[in-house]
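The values are calculated or read from the model by the stated rules, or taken from the named source; none is laboratory data. Treat the numbers as computed from the prediction; the structure is a model and nothing was measured. Cβ: placed from backbone, ideal geometry, glycine included. Neighbour counts: every protein chain shown.
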Amino acid sequence: MAAVRLDNLRKVYASGNVGVDAASFAIADGELLVLVGPSGCGKTTLLRMIAGLESITSGTLSIDGRVVNDVAPKDRDIAMVFQNYALYPHMTVAENLGFGLRLRGHKQADIDRRVAEAAKTLELESRLTSRPAALSGGQRQRVALGRALVRNPKVFLLDEPLSNLDAKLRLSMRVEIARLHRQLNATMIYVTHDQIEAMTLGQRIVVLDGGVVQQIDTPMHLYDRPANLFVAGFVGSPAMNLLHGTLAFDHGWSLVTAQGDITLGESLASATWAAWRDRPVVLGVRPEDLQPADTSRAVLHAQVEVVEPVGNEIFLYLRYGAQALVSRVSPRALPEAGSSVPLGLVNEKLHLFDAESGARIAG
């Protein structure tokens, strides 16, 4: 395995569109790093630059300490797993697994050994003589993983490999990829638009938007301390509630919004908050930190629009004036759609952002 390093990597297309802008970070040897963001954010372009399938406009890309900007894809010692599997339909599983090795001139005995090892690792031993049409979606994806695995590359690149699977298969394959990573201690770079995949798989996550890296951190640190409004709204399902208003202090802090004043209490009177008094801010509240409360402790009242029970928890989709809110609560007597619910905040879990720049201020 090997470390990968990006120094001010930039991709500008002939049209002038910037696909990736000054990306700088390192992937440690044996790390599973996830690139995540919405469609068009630059994550796949970045992965293809690492693979050598996209040219680099400027900056430096190193794999295992070697600058590879002008090195052909086949000479970078990487293996890529695609979204669409890209299996040869006329070949058996064993033939698909060993095809790349045959192209590279490996001896048949070596091919057979590597194919057998990969099939055992991925529990495909009983399907080696089957063709792709006879396999389930999960089995096809395991064959695609196995074809990369037999190469024993320095770096695995995975481009949205689970997008074509149904929800149950995606869950099982997430577990499979995590298990495989632990077993191989392999360097993996994984691209997805699904932030749940990113949170559950990545040891670290790179969040991108508009070709720009927004934040690089561990999953829970991204969740607990998002660097800006984009990360706050993107990471988390359901997304963080974002309330726009002016921060005020009069015998305690409050957020003055178009819908009304939201009392925040005196405990937040820190130097950081004080510097933003009477200035426009955005208050971030995770759904689990916006909870039904006794009327005496409520800081706002919202109307229930939709009640969504999912078994172990309930999502309440609410309307506070023109502001949509969501609350994550434990199973209990469900409020009715159309009813008004008093809500309280978990003050120590609040997030504060600059309304103009979107940057994190406090929390």
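Just the residues that are among the hydrophobic types (A, V, I, L, M, F, W, C), within 23 Å of PRO226 (Cβ to Cβ) and surrounded by fewer than 22 Cβ atoms within 10 Å (Cβ to Cβ), please, taken from region 1-27.
To start, the set of residues in region 1-27 that are among the hydrophobic types (A, V, I, L, M, F, W, C) comprises 1-4, 6, 9, 12, 14, 18, 20, 22-23, 25-27.
Next, from what is left, pick out any that are within 23 Å of PRO226 (Cβ to Cβ): 6, 20, 22-23, 25-27.
ALA22, PHE25, ALA26 - these are the residues of region 1-27 that are among the hydrophobic types (A, V, I, L, M, F, W, C), within 23 Å of PRO226 (Cβ to Cβ) and surrounded by fewer than 22 Cβ atoms within 10 Å (Cβ to Cβ).
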Residues satisfying the stated conditions in region 46-58, i.e. touching a Lys or Arg at 6+ places or on another chain (Cβ under 7 Å) and surrounded by 20 or more Cβ atoms within 10 Å (Cβ to Cβ): MET49, GLY52
Identify all residues within region 105-133 that are within 32 Å of the chain's Cα centre (by Cα) and farther than 24 Å from GLN183 by Cβ; write none if there are none. PRO132, ALA133
Filtering region 303-356 down to residues that are among the polar types (S, T, N, Q) and either over 21 Å from GLY236 (Cβ atoms) or touching a helix residue (DSSP H, G or I) at 6+ places or on another chain (Cβ under 6 Å) (or both) yields GLN303, SER327, SER339, SER340
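Kindly state which strands (runs of 3 or more DSSP E) lie completely within region 1-105 and contain at least 2 residues that are within 30 Å of SER130 (Cα to Cα).
Numbers: elements: 4-12, 18-27, 32-36, 58-63, 78-81.
Answer list for region 1-105: 78-81.
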I'm trying to understand the selection: among the residues of region 228-255, which are surrounded by fewer than 18 Cβ atoms within 10 Å (Cβ to Cβ) and assigned to a loop (DSSP other than H, G, I, E, B)? SER237, PRO238, ALA239, ASP250, HIS251, GLY252
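Any residue at all in region 120-136 that is small (Gly, Ala, Ser) and touching a strand residue (DSSP E or B) at 6+ places or on another chain (Cβ under 7 Å)? Spell out the reasoning first.
To start, the set of residues in region 120-136 that are small (Gly, Ala, Ser) comprises 126, 130, 133-134, 136.
Filter again for touching a strand residue (DSSP E or B) at 6+ places or on another chain (Cβ under 7 Å), leaving none.
For region 120-136, residues small (Gly, Ala, Ser) and touching a strand residue (DSSP E or B) at 6+ places or on another chain (Cβ under 7 Å): absent.
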Go through region 14-33 residue by residue and tally those that are free of Cβ contacts under 8 Å to residues at least 60 places away in the same chain and out of contact with any strand residue (DSSP E or B) (no Cβ under 6 Å at 6 or more places or on another chain). 4
Checking the structure you have, find out if any residue of region 267-277 is in contact with a Ser or Thr (Cβ under 9 Å, 6 or more places away or on another chain) and in contact (Cβ under 8 Å) with a residue 60 or more places away in the chain. no
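Could you check region 256-265 and list, in sequence order, the residues that are assigned to a strand (DSSP E or B) and either among the β-branched types (Val, Ile, Thr) or surrounded by fewer than 20 Cβ atoms within 10 Å (Cβ to Cβ) (or both)?
Kept after step one, since they are assigned to a strand (DSSP E or B), are these residues of region 256-265: 256-257, 260-265.
Once the filter is applied, which keeps residues that are assigned to a strand (DSSP E or B) and either among the β-branched types (Val, Ile, Thr) or surrounded by fewer than 20 Cβ atoms within 10 Å (Cβ to Cβ) (or both), region 256-265 yields VAL256, THR257, GLY260, ASP261, ILE262, THR263, GLY265.
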List every residue pair whose Cβ atoms sit under 7 Å apart, with the two residues 6 or more apart in sequence or on different chains, where the first one lies in region 85-97 and is in contact (Cβ under 8 Å) with a residue 40 or more places away in the chain and the second, anywhere, is of a type in the set (Val, Ile, Thr) and assigned to a loop (DSSP other than H, G, I, E, B). LEU97/VAL150
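Considering only region 69-125, state which residues are at positive phi and among the hydrophobic types (A, V, I, L, M, F, W, C).
Looking only at region 69-125, we keep the residues that are at positive phi, and these are 77, 85-86, 105, 123.
Matches in region 69-125: ALA86 only.
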Would you confirm whether or not region 198-217 contains a residue that is of a type in the set (A, V, I, L, M), assigned to a loop (DSSP other than H, G, I, E, B) and either under 27 Å from GLY19 (Cα atoms) or not assigned by TED's automatic domain parsing to the domain that holds LEU162 (or both)? no
Grab the strands (runs of 3 or more DSSP E) fully contained in region 288-363, keeping just those with 2 or more residues being farther than 15 Å from LEU255 by Cβ and either modelled with pLDDT of 90 or more or not basic (Lys, Arg) (or both). 290-292, 300-309, 314-320, 323-329, 340-345
For region 151-204, give me each residue that is closer than 22 Å to ASP77 by Cβ, out of contact with any Lys or Arg (no Cβ under 7 Å at 6 or more places or on another chain) and of a type in the set (A, V, I, L, M, F, W, C). VAL155, PHE156, LEU157, LEU158, ILE177, LEU180, LEU184, ALA186, MET188, ILE189
Could you check how many residues of region 236-257 are free of Cβ contacts under 8 Å to residues at least 24 places away in the same chain and aromatic (Phe, Trp, Tyr)? 1
Can you find, within region 325-339, the residue that is nearest to VAL256 (Cα to Cα) among those that are surrounded by 12 or more Cβ atoms within 10 Å (Cβ to Cβ) and not basic (Lys, Arg)? LEU325
Looking at the structure I just gave you, is ARG102 assigned by TED's automatic domain parsing to the domain that holds ARG10, surrounded by fewer than 17 Cβ atoms within 10 Å (Cβ to Cβ) and more than 24 Å from the chain's Cα centre (by Cα)? yes
